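Note sheet for the following structure.
The values are calculated or read from the model by the stated rules, or taken from the named source; none is laboratory data. Since the model is a prediction, treat every value here as computed from it, not as a measurement. Using ideal geometry, Cβ is built from the backbone for each residue, glycine included, and neighbour counts are taken over all protein chains shown.
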Amino acid sequence: MLVPRARRALLSLTTLGIPVLIALACTAAPPGGSDDDGPVNPDPNGDGVDDGLLVGKCKIDLDGDGRPDLVDVDGDGTVDGPGFDSNCDGTADGFGIDSNNDGIIDQIQNLDGTVVEPPATGGGGSTITVDGMTASGGTTGETEYCSEAEVEFVPQIPTVLVLVDRSSSMYELPAGSTPDSPTNYWNSLKTAILPVVESLQADVRFGFASFTGVAGTCTGMDTPTAFAVDNYPMIEATYNALQNPRGPNNSGPKAETPTPVAIEQATAALLADDSPGDRYILLVSDGEPDFCDDNSRDTCGPDALIASLQAAYAQGVKTLVFGIDNPAIIPEMFDYYAQAGMGELPDWTKGLDIGPYTGLVQSNCDLDTFPEWRRFRTVSGNAPAPESCNTAAGQNQPPEGNAACYQPAGDYSAEGGTSTAFLTTDITGLAEQINATVAGLKSCIFDLGDSGVSVKEGEEDTGEIFVQDELIPQDQWRMNSATVLELLGDACTQWQSPEVTKFFAGFPCEALIIVVK
């Protein structure tokens, strides 16, 4: 019989390189009535096993003495220990060693180094005592712990695809420089990005790909790596193997910037990965998007890119936009890309339907020479049925015609979005901003996973959550399920700051369901 006094269960989490202490603080013993010893009896049926350990479990007790029978789980002819039956089908699928013969297996009692003292003759119960430790949000001193709830808290870490523009302009240099000079944007950016990946690789599932194409062969994304933690060696090797696509003498066809299709391909790659956690594209480019034809840069390429970014967001993939500033780009457009990447509606004048009809983008792009623009308009759901746009004999002509026939590929709003791109010519500053941005992608979702510990329905508000030793108000966190906790609002923003490293969660033991595995 297990009789804890004040109990606390420890959970450990490591996220973004920071060890985080989670404690399930138990301030009251399970129900069952008091006895003369003072503590509340956690074993009201007297079978020698703490009833809290048997929630959702059956024990093997063929002789009916109320104690788990000794079982041979693996069938090797050797008794393994007291048997537990997780699906209650009458067959033991778990066992343990009960060194003090008190009916409670040691793996339950000794997970956190506890000392189990058998009950004295005449009753009472086993006492579990552990020296206390300092925890963020916790207390110092001697504390008694509930060792059966010690589990590893599994973080949801982000998956990030670093997607780098490999167009000709990334290799262009002032007169007198060589195309493969280490000072071109491609090499400078690589020198800046690789240390970011290396420093954060333990806490972010990184992947890498570049993208380009030539007129007539618009491939988009190429050289993708797999997504993984500690993926720096693969990414470094892949990145270093890439050379100027025009060749060492810069004599090959011009390398283009097919960003819309690259985002579409990157989204598919991220969605094909089944790991938990948020998904991001980290886009770095120095040029306006097109379909491997410079004629589409003014309206068609940007509109298609905005549609592609919005489609990615709708599928759960966010895009962070970083630009290398140069005279060939329009800075405001990069902000529109950043807004689309976060699911916002840009206020791009050329894409807005101002008045009964403008159709500027459609009139420029709905041509046989731009089949990719038409495809992206279809993907976004903005393409009308062909039969509704018959322009013969003046039908559907502006301003009286069907406005749906003249929609752009992307979606826009006069209110506009608020997200901005980071645009600079300072590669070192760009690397610093990328590092800070990725480091701040810490998930606000904490998952107990398959630990065997969950919070009982209706007991969710009995917990206390601390971030950086500060108690979080009840309206800034919630339990999304019995095993998933989420920080909300200001608490999430505070946690995502790179300098914030401490998280603490406490729940009473009576609020927990503990499943023996």
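A few remarks follow.
- Residue under evaluation ARG246, criteria (1) modelled with pLDDT of 95 or more; (2) under 20 Å from THR219 (Cβ atoms), criterion not met: (1)
- Meets criteria (in contact (Cβ under 8 Å) with a residue 12 or more places away in the chain and within 15 Å of LEU163 (Cα to Cα)) for VAL229: no
- Just one of the numbered conditions (1) in the same structural domain as VAL261 (by TED's automatic domain parsing); (2) surrounded by fewer than 24 Cβ atoms within 10 Å (Cβ to Cβ) is not true of LEU352: (1).
- A search for C-beta distances below 6 Å between a residue of segment 62-88 that is surrounded by 13 or more Cβ atoms within 10 Å (Cβ to Cβ) and any residue that is modelled with pLDDT under 65 and among the β-branched types (Val, Ile, Thr), counting only pairs 6+ apart in sequence or on different chains, returns GLY81/ILE97; PRO82/ILE105; PHE84/VAL516.
- Verdict on LEU352 being among the hydrophobic types (A, V, I, L, M, F, W, C), part of a loop (DSSP other than H, G, I, E, B) and either at positive phi or at pLDDT 85 or above (or both): no
- Residue within segment 282-293 that is crowded, with 18+ Cβ neighbours inside 10 Å, at pLDDT 95 or above and more than 23 Å from ILE427 (Cα to Cα) present: no
- Matching residues, segment 447-493, being within 21 Å of ASP278 (Cβ to Cβ) and assigned to a loop (DSSP other than H, G, I, E, B): LEU448, GLY449, ASP450, ILE472, ASN480, SER481, THR483, LEU488
Matching residues to (1) surrounded by 14 or more Cβ atoms within 10 Å (Cβ to Cβ); (2) part of a loop (DSSP other than H, G, I, E, B); (3) among the aliphatic types (A, V, I, L, M):
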| position | (1), (2), (3) |
| --- | --- |
| ALA404 | yes, no, yes |
| GLY410 | yes, yes, no |
| ALA414 | no, yes, yes |
| THR418 | no, yes, no |
| LEU423 | yes, no, yes |
| ALA431 | yes, no, yes |
| ASN435 | yes, no, no |
| VAL438 | yes, no, yes |
| SER443 | yes, yes, no |
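- Residue in segment 484-500 that is at pLDDT below 90 and touching a Ser or Thr at 6+ places or on another chain (Cβ under 8 Å) present: no
- Options THR219, THR238, THR223, THR257: the member that is modelled with pLDDT under 95, surrounded by 16 or more Cβ atoms within 10 Å (Cβ to Cβ) and not acidic (Asp, Glu): THR257
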